[in-house]
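Q: First the structure, which I've put down as structure tokens, then a few questions once you've had a look.
The values are calculated or read from the model by the stated rules, or taken from the named source; none is laboratory data. Remember, it's a predicted structure, so these values are computed and weren't measured experimentally. So basically every Cβ, Gly included, is an ideal-geometry build from the backbone, and we count neighbours across all protein chains shown. Heads up: the accessible areas ignore ligands, DNA and RNA and are worked out on the full protein's heavy atoms, side chains in. Shrake-Rupley method; radii C 1.70, N 1.55, O 1.52, S 1.80 Å.
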Amino acid sequence: MNEKKSLVVPHIVAFLTVAVWGTTFVWTKLLLNNGLSPAQIFTLRFVIAYLLLAGWWLRKEKNVKGLICKDEPIMAALGLTGGSLYFLSENAAMLFTTATNTSLIVCACPIFTAILIRLCYPITEKMGVWQWGGSVIALVGMAIVVLNGHFVLHLSPLGDALAFIACMCWAVYSLIMRRVGERYSTIFVTRKVFFYGLLTIIPYHIIVEEDWPDLTTMCQPVVWGNLLFLGCVASMVCYLCWNWCMVKLGAVNATNWVYFNPITTIVFAWLVLDEHITHFFLIGTALILAGIAIASSRKDTQ
């Protein structure tokens, strides 16, 4: 009973983190409308987050034991899979396929996360019928929410492949976080994620020479205000919270909350953009909540 109570706060934090991520489409869309590219938005939000975390690290944790050299490539992999490659593949997918396809594929990452972790840790990470069943129920609920009664998918091999790359990036990120989350502090790991995310996006900026917005555009409140939110809240705070949740809940249970992402997106669109909520949304939401509750409630005896 005490163990279950101790997990209540991490579950709440995971829910709030996904809720914030579900609103970022609005802020990103506003930045795109003002002339920034997806890669530029990613780079600027990660720069803001990294500088804030670096300042905190130098002030509060500079005497903490540093990174073991052999773990540096692992940190680079975190920055690639949870940063540059994830965002680039997800954004690029939207250019070749529909938002529905992208959402369905990317938000299916909890299932692939569970499979990867089960394959890599067959003894310590056994998943029973309740966990698999809960995950599948949540996956079905997420599909109902995203499709919203329109059960027609427009297949696009390139776009769907890019969305699947993004999906697998987050699954691999979760797998790696399981390894390093217990060896280093959350702030330290998250700072490394931002650093290597920025480092691995540099080749893209070199190859794809994009014109950056002028100073007048960057000084507009709608631009710098949204960048600050994406950098400070959606990146720095949310990544810190998410990495902490994966340590406390385990990668599988934490990642199951990704199924909730479309729900927060639709609710926010309803509140801000006056979009309608249908009965499919309510049914899907109920299934997602039930699935997450079942998957997190217990582990079967193996």
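Q: Determine whether Ile117 is touching a Lys or Arg at 6+ places or on another chain (Cβ under 9 Å) and either at pLDDT 75 or above or of a type in the set (Val, Ile, Thr) (or both). Don't jump to the end; show me each part of the working.
A: Working: touching a Lys or Arg at 6+ places or on another chain (Cβ under 9 Å): yes; either at pLDDT 75 or above or of a type in the set (Val, Ile, Thr) (or both): yes.
In short, yes.
Q: Quick one: which helices (runs of 4 or more DSSP H) sit completely within the stretch 208-268 and have at least 3 residues that are at positive phi?
A: On the way: elements: 215-218, 221-228, 238-249, 251-255.
Per the criteria, no element qualifies.
Q: Among the residues of the stretch 239-252, is any open to solvent by less than 30 Å² (accessible area, probe 1.4 Å), out of contact with any His (no Cβ under 7 Å at 6 or more places or on another chain), hydroxyl-bearing (Ser, Thr, Tyr) and closer than 21 Å to Thr23 by Cβ?
A: Yes.
Q: So in the stretch 173-232, with the set limited to residues that are over 28 Å from Lys70 (Cα atoms) and among the hydroxyl-bearing types (Ser, Thr, Tyr), which one is surrounded by the most Cβ atoms within 10 Å (Cβ to Cβ)?
A: Thr217
Q: State all residues of the stretch 158-193 that are of a type in the set (Phe, Trp, Tyr), part of a helix (DSSP H, G or I) and within 21 Å of Lys248 (Cα to Cα); if no residue qualifies, say none. Lay out the reasoning, then the answer.
A: Initially, the stretch 158-193 is screened for residues of a type in the set (Phe, Trp, Tyr), giving 164, 170, 173, 184, 188.
Next, only the ones that are part of a helix (DSSP H, G or I) stay: 164, 170, 173, 188.
Listed by number, the residues that qualify are Trp170, Tyr173, Phe188.
Q: A follow-up question, please. Under 8 Å by Cβ, and 6 or more places apart or on different chains, what pairs join a residue from the stretch 197-213 that is modelled with pLDDT under 90 with one that is part of a loop (DSSP other than H, G, I, E, B) and among the hydrophobic types (A, V, I, L, M, F, W, C)?
A: The qualifying pairs are Pro213/Leu36.
Q: Would you pick out the residues in the stretch 219-233 that are modelled with pLDDT under 90 and touching a helix residue (DSSP H, G or I) at 6+ places or on another chain (Cβ under 9 Å)?
A: Val222
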